[in-house]
Amino acid sequence: MHGKLAMKVLIYTHTFAPSAGGVETYVMLLAEGLSQLPVERDGPVDVTVATRTPAGKMDDSQMSYRIVRRPNQWALAQLIRGADVIHAAGPAFPPLVLGALFRKPVIVEHSGYQSICPNGMLLYGPKRTLCPGHFMARRYTECVRCNASDSGSVRSVRNLMLTFPRRWLCLRVARNVGPSRHIAGRSALPKTEVVFHGVPEPTIFPEYGREQSEPVCFGYIGRLVIEKGVPVLLHAASQLAQNGFDFRLRILGDGPERRNLENLSEQLGLGDRVQFLGSVPLKRVSDALGRVDAVVVPSVWEEVAGLSAIEQMMRGCLVIASRIGGLGEVVADAGMTFPAGDAAALANCMSCVVERPERAVELGRAARSRALAFFSSDRMVQRHVSLYRSVLQS
């Protein structure tokens, strides 16, 4: 038996599996990686995940770490009191307040903009246009006006008022972590370190690319919401069709904008060029995409880390992404980028793939090399372990 005492890490996340999303994915990968670290090399790590998400049909006993769902305040206080390090997946009040109360080192991972924006997304108003940073510029009436149309004036004021103590607490935690240099700079918080999100290396690689007789195929994976910019992709596809290019587009995901997007596709005359496949389990994504030549990430908001892009890069797929926020930082020169919201520029990128499909294969290899170098799950886990240890030692 190993002689070292286990380092007790409590990860608090408001949302978790079986819910699907970027935060849920990275927390699960981090918890799993920490719990499976070689004891001989890293010492034992005892991981507990506390979450407000109910289990649903998920069997928590199959996980390699402990999951405590919907703990009351007393139970959460006991979990925090017994932990060595508190890792908060976002600046939620329970771990921040209780961590300070029990004088525990708290590390906050910022996967959104909750510390500098009342709605957490830096998007303004019902049209979801990019916010220039009203809260940090002390234009608080703009913050109230921004959210009032969706949540009402009273709730909008409440959200604004809660942003002040949330940021105050983040200024005083042991460390702030940004999964991209972009969010680290945007948040403007002290003691901030950049630790990129990581994904596991696949054991089976999908056959990206196509037979010469098949039309070029593009894919989209993600929620169907305004900020993801899928209308930009459909308008770009329309321009491609008008220019006489033969191609296919597979859209994986669901959300409140699906009906509007299907109607837009019909209005643009895209017909059977576009397939809406709905939600697809993670294990079946590769099969559902089939032989795609490139995956498009057309976000119109400042993506924090671009986890969906990282996943496709690790699989060796060309990613065509908006050059915005952490997304452009992730893809860099190992893919194609275009100005956010610019359908003509996106259409130009897509036409390059149609005209030179071998270029997609070359960039896919470059994407995989970049993902292995910067975005592996092992690298993410080791960086967090080093961070925990440095906090405990200090």
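Remarks
- Filter result (touching a helix residue (DSSP H, G or I) at 6+ places or on another chain (Cβ under 9 Å) and loosely packed, with under 14 Cβ neighbours inside 10 Å) within segment 67-80: Gln73
- Screening Phe205 with (1) assigned to a loop (DSSP other than H, G, I, E, B); (2) at pLDDT 95 or above; (3) surrounded by fewer than 21 Cβ atoms within 10 Å (Cβ to Cβ) gives one miss only, at (2).
- Just one of the listed residues (Glu329, Glu358) is over 30 Å from Asn176 (Cα atoms) and charged (D, E, K, R), and it is Glu358.
- Any hit, segment 89-106, residues being aromatic (Phe, Trp, Tyr), touching a residue at least 40 places away in the same chain (Cβ under 8 Å), crowded, with 18+ Cβ neighbours inside 10 Å and in the same structural domain as Pro44 (by TED's automatic domain parsing): no
- Some residue of segment 222-240 being touching a Gly at 6+ places or on another chain (Cβ under 6 Å), assigned to a loop (DSSP other than H, G, I, E, B), of a type in the set (A, V, I, L, M, F, W, C) and in contact (Cβ under 8 Å) with a residue 12 or more places away in the chain: yes
- Checking every residue in segment 85-92 against the condition of being among the aliphatic types (A, V, I, L, M), under 24 Å from Ala31 (Cβ atoms), in a loop (DSSP other than H, G, I, E, B) and touching a helix residue (DSSP H, G or I) at 6+ places or on another chain (Cβ under 9 Å) gives at least one match.
- Index of the failed condition, Met161 passing every other in (1) surrounded by fewer than 18 Cβ atoms within 10 Å (Cβ to Cβ); (2) assigned to a loop (DSSP other than H, G, I, E, B): (2)
- The residues on offer are Leu10, Leu98, and the sole one that is at pLDDT 95 or above, touching a strand residue (DSSP E or B) at 6+ places or on another chain (Cβ under 9 Å) and in a helix (DSSP H, G or I) is Leu98.
- Considering only residues in segment 21-43 that are surrounded by 15 or more Cβ atoms within 10 Å (Cβ to Cβ) and farther than 15 Å from Ala89 by Cβ, the one that is modelled with the lowest pLDDT turns out to be Asp42.
- Residue count for segment 280-305 satisfying the condition of being in a loop (DSSP other than H, G, I, E, B), in contact (Cβ under 8 Å) with a residue 60 or more places away in the chain and not acidic (Asp, Glu): 9.
- The sole residue among Pro132, Pro118, Pro95, Pro54 that is under 14 Å from Leu10 (Cβ atoms) and not small (Gly, Ala, Ser) is Pro95.
- Looking across segment 358-390, the residues that are more than 22 Å from the chain's Cα centre (by Cα), of a type outside the set (S, T, N, Q) and surrounded by fewer than 19 Cβ atoms within 10 Å (Cβ to Cβ) come down to Glu358, Arg359, Val361, Glu362, Arg365, Arg389.
- Qualifying residue in segment 27-46 (condition: basic (Lys, Arg), farther than 24 Å from Ser187 by Cα and assigned to a strand (DSSP E or B)): no
- Qualifying residue in segment 336-345 (condition: in contact (Cβ under 8 Å) with a residue 40 or more places away in the chain, in contact with a strand residue (DSSP E or B) (Cβ under 6 Å, 6 or more places away or on another chain) and not in a loop (DSSP other than H, G, I, E, B)): yes
- Filter result (closer than 30 Å to Ser19 by Cβ and in a strand (DSSP E or B)) within segment 241-275: Leu249, Arg250, Ile251, Leu252, Val274, Gln275
- Arg103 vs. criteria in a loop (DSSP other than H, G, I, E, B) and among the charged types (D, E, K, R): yes
- Val144 more than 21 Å from the chain's Cα centre (by Cα) and under 30 Å from Val230 (Cβ atoms): yes
- Among residues of segment 278-294, those that are within 15 Å of Arg223 (Cβ to Cβ) and crowded, with 16+ Cβ neighbours inside 10 Å, counted: 2
The values are calculated or read from the model by the stated rules, or taken from the named source; none is laboratory data. Not measured: the values here are computed from a predicted model. Here Cβ is always computed from backbone atoms with ideal geometry, including for glycine, and neighbour counts include all displayed protein chains.
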